[in-house]
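Reading through the structure tokens given below for one structure.
FYI, it's all coordinate maths here, none of it is from the lab. Fair warning: this is a prediction, and the values are worked out from it, not measured in the lab. Counting neighbours? That spans all protein chains shown, and the Cβs are built from the backbone with ideal geometry, glycine included.
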Amino acid sequence: MRHTAFAFALALLLGACGGSPPVHYHALPTPDGEAGRPAALGAPVVVGPVRVPAFLSRPYIAWRAGDSRLDYDELHRWGSSLEAEVLRALVEHLAHRLPGRGVLAWPTQVPAERALRVAVDIDRLDVVRGGTSRLRAHFVVRGPDEKPLRVGAATAEATVAGGGPGAVVATYGALIEALAGDIAGQLEGL
């Protein structure tokens, strides 16, 4: 009788696990095609570190659902940390916008005496389903001697086109692409 009860409990447990919905992993979108990367035309650019608000430093994709409420989607997660995703996307967008410059993610083996470094602090990254999503960031471009060459602030807005997780990820991507445009504008001529 004990074996029958154990087998029944085990069957229930295994049956419950088998019906779980799958977890989906997402990455921020980047430009299509390979950016031209011939010999560097100017100092290489090292992007990082990048900081995002602590409440977004979770594996789950999040969106704002009111003034103070956040919703996290446990079935839709970032492929890596959001900071790593933002860093990767910024590097790809900058490489696309600044062809001919070596654009790399921090930390890197590029000698510090040759590179410009861009540190990014995102203090607002609110994606809102059915509303206006906003990004606010500050960045510093430092020369090889670590002295600030440019200090900038960026703001961007986008609207989530649809209600699904793909639309939320695309909106995050649009906000990061706009940030890359502002940073690229500050790097031109350096």
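Some notes on this structure:
- Residues whose amide H lies under 5 Å from that of His24, counting only those 5 or more places away or on a different chain, are His76, Arg77; hydrogens are built 1.01 Å from N in the peptide plane.
- Net charge over other residues, Cβ less than 14 angstrom from the Cβ of Arg136 (K, R count +1; D, E count -1): -1
- Label selected from (i) 1.15; (ii) 1.19; (iii) 0.93, the criterion being Rg/Rh (Cα atoms, Kirkwood Rh) as computed here: (i)
- Of the DSSP H helices in the chain, those that are both long (alpha-carbon extent of 30 Å or more along the helix axis) and hydrophobic (Kyte-Doolittle mean at least 0.0) are 165-187.
- For the chain, the share of DSSP beta bridges that are antiparallel, to the nearest 5, is 70%.
- Within segment 172-187, backbone nitrogen closer than 20 Å to the virtual label 7 Å beyond the Cα of Ala153 toward Cβ: 175-187
- Placing a label point 7 Å from the Cα of Asp182 along the Cα-to-Cβ line, the residues of segment 127-141 whose backbone N sits under 12 Å from it are 134-140.
- Sparsely packed GluC sites (Glu not before Pro) within segment 116-190, loop by DSSP, other Cβ within 10 Å at most 11: Glu146, Glu188
- In nm, spacing of pseudo-spin labels at Ser81 and Asp32 (7 Å Cα→C-beta vector): 3.3 nm
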